[in-house]
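A short write-up of the structure that comes next.
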Ligand code: B1M
């Protein structure tokens, strides 16, 4: 029995590695098949994304940072990731079967920043966990966060930033919420590669999410475990 479990684990690891490899080798053609194979074998779609695709895109990102690869290659790697995500993301959502909401969340990547892969993953995970998620997309202006907060009265605002330059805008949103008298009514959580707990504290956010799973946990804690009608 143990041997069977072990061989399934090894097979799954190989399928997850395959997902990483389609990204690293810019294999847009093989991406969908690699995703389908992983799902068929029972690989958790979140593991497939985080341990496979995201690892691959970060490896290419590091090479981009050191000048080893250029933007066109990075974009092809992202295209491979997106093709596989098209298959994997709906599989995450299949787990979402709650009738009551944990709370309302508005989420977006901050102004000036078009990186939306991580934010979309957080969005999907929050939906699965039972939050009502209003995804504002990427490059979301400060004013848009304020306008939507007034309109939908969320329990939590989630902001994502992938660049050291754009993360500064997160603080501007919090200041604008204070100025408009909305800060006390809403919790704020930030995330994205250059952010940290220290950063969240510094700008006066209520929490920081290290990854998509963590974001869900932090949000659950922020709104309390009580479900809302
Ligand atoms: Co760009 N990019 N990029 N990029 N890119 C980075 C961020 C960079 C670190 C690459 C590098 O130089 N090594 C660098 C930023 C440097 C810096 O600021 N210090 C960079 C740059 C410079 C740029 C451009 C300026 C390049 C150029 O044009 N010369 C340009 C920016 C344009 C703009 O935004 N105005 C650019 C463009 C692009 C692409 C379009 C090619 C593409 C984005 C495609 C897209 O998103 N639609 C891209 C990509 C893919 C990356 C890297 C390689 C990967 C990002 C990613 O998708 N990761 C990135 C390098 C890296 O991060 N190592 C890089 C996978 C994703 C699942 O992880 O986004 O970290 P991540 O999300 C995680 C967590 O962070 C967390 O949970 C997610 C899931 O685990 N999380 C949250 C994220 N948001 C959260 C919110 C939460 C909680 C958790 O609560 C609300």
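Observations on the model:
- FRET E, pair residue 39, residue 164, Förster distance 41 Å, beta-carbon r, rounded to 0.05: 0.70
- Cα shape, the range 164-229, gyration tensor, a/c 1.5 rule: oblate
- Gyration tensor (alpha-carbon) shape descriptor, the chain, a/c threshold 1.5: oblate
- Evaluated over the range 23-97, the Cα radius of gyration and Dmax, each in Å: 12.9, 45
- Neighbour counts of C-beta atoms inside 10 Å place 83, 220 in the sequence 220, 83, starting with the fewest.
- Segment residue 58-residue 14, extension gain: residue separation times 0.36 nm, minus the distance between their alpha carbons: 14.0 nm
- The range 31-151, Cα convex hull volume normalised per residue, Å³: 103 Å³
- The range 7-84 and the range 100-116 have their alpha-carbon centroids 24 Å apart.
- Most fluctuating residue given options 21, 201, 12, as computed from a GNM of the chain linking Cα atoms under 10 Å: 201
- Three-way shape label, the range 92-191, alpha-carbon gyration tensor, a/c 1.5: oblate
- Here the range 62-133 is treated as a sphere whose radius is the Kirkwood value from Cα pairs; by Stokes-Einstein at 10 °C and 1.306 mPa s it diffuses with a coefficient of 112 µm²/s.
- Highest-MSF residue in the chain out of 119, 40, 18 [GNM, Cα springs under 10 Å]: 40
- Extending 7 Å from Cα along the Cβ direction at residue 211 and again at residue 66 yields two label points whose distance is 2.2 nm.
- Sorted by Cβ neighbour density within 10 Å, fewest at the top, the residues 179, 187: 179, 187
Quick note: the coordinates plus some simple rules give every number you see, no bench work behind them. Just so you know, these numbers come straight off a predicted model, no measurement behind them. Cβ coordinates were reconstructed from backbone atoms using ideal geometry, including for glycine residues, and neighbour counts include every protein chain displayed.
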